[in-house]
Structures are given as structure tokens and as C-alpha cells.
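Heads up, the thing below is written out as C-alpha cells.
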Amino acid sequence: VQLQASGGGLVQAGGSLRLSCAFSGRTFSGYTVAWFRQAPGKEREFVATLPINNWRTYYNDAVKGRFTISRDNAKNTVNLQMNSLKPDDTAVYYCGAGQPIISSIRSPSSYGYWGQGTQVTVSS
């Protein structure tokens, strides 16, 4: 599995960005893709996912209502629309792919494949 994250950048607080994760190498329908983020000096943190187990969306409480995850099965991509961005959202954003059970979807260790990350910087 190969994952390519894109769409990061520098934006002012209150602005928007759209991240994309392109999936290749295996059958896309067999993998859950999730977004995580990691700020300097902090652990990798769950952001959002849309598991293939039940097709429901799951979000970190810190982003709920501002971020929207979506999956395009025709293009083998998972997107993260980020609105009302805050300086606390500043981090490197990573997409991960795996086959986690629902109780483990928020754990980075549940995903065996990772993209290279894309930097999101929100200025105040």
C-alpha cells in the first residue's frame, strides 16, 4: 500500500484547507483510511476516519463540527475538509491505512501503512 497526502499549507485562523490522501497498491475497498496529526513534541493524534466496517464517520472532539472526512471510491482517495481552522490545528497531517476493528480506529498502531505527511500551519 502506498499513500500520498497533499493539500497542506499556511492559512490564517478561520480559514479552510482540503487535504487529500491518494491510495494505491491494494484494493481500496478493503482498507480503512484515517487522518492523524502530530504537532512538534507531541504524540500522533487521531483526527478522523470513515471505517469500511460500518461507513460511519468518527472525529476527534477537537475538530468535530469543523472538519469533514469523505471517501471517493472511484478515485481511491480520502479527503479531509478543514474549516474554521485554529492555531491549535497546526501540525503535520498524516493519512494511515489499515483494517482496524471499530474499538481500535483511534489508535495509530491500528494502521500499518502511512503517507509522508503534509504540513498545516494556521497563523493567528
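The values are calculated or read from the model by the stated rules, or taken from the named source; none is laboratory data. The structure presented is a predicted model; accordingly, all values stated were derived computationally and were not measured. All Cβ positions, even for glycine, are placed from backbone atoms using ideal geometry, and neighbour counts span all protein chains on display. Surface areas here come from the heavy atoms of the whole protein model, side chains and all, with no ligands, DNA or RNA. Shrake-Rupley method; radii C 1.70, N 1.55, O 1.52, S 1.80 Å.
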Considering only the range 52-68, I want to know if a residue exists there that is within 21 Å of Gln4 (Cβ to Cβ) and touching a residue at least 60 places away in the same chain (Cβ under 8 Å). no
Are any residues in the range 17-42 farther than 19 Å from Gly98 by Cα and exposed (fewer than 12 other Cβ atoms within 10 Å of the Cβ), and if so, which ones? Pro40, Gly41, Lys42
When you scan the range 37-79, how many residues do you find that are part of a strand (DSSP E or B) and aliphatic (A, V, I, L, M)? 4
Subset of the range 80-96 (residues that are without any contact (Cβ under 8 Å) to a residue 60 or more places away in the chain and part of a loop (DSSP other than H, G, I, E, B)): Thr90
Counting only residues that are of a type in the set (A, V, I, L, M) and surrounded by fewer than 21 Cβ atoms within 10 Å (Cβ to Cβ), the range 78-104 contains a total of 3
Quick one: would you say Gly25 is at positive phi, in contact (Cβ under 8 Å) with a residue 24 or more places away in the chain and within 14 Å of the chain's Cα centre (by Cα)? no
When the range 16-36 is checked residue by residue, the ones that are closer than 21 Å to Asn54 by Cβ and assigned to a strand (DSSP E or B) are Cys21, Phe23, Thr32, Val33, Ala34, Trp35, Phe36
Take the range 105-124 and flag every residue that is open to solvent by less than 60 Å² (accessible area, probe 1.4 Å) and assigned to a strand (DSSP E or B). Tyr111, Thr118, Val120, Thr121, Val122, Ser123
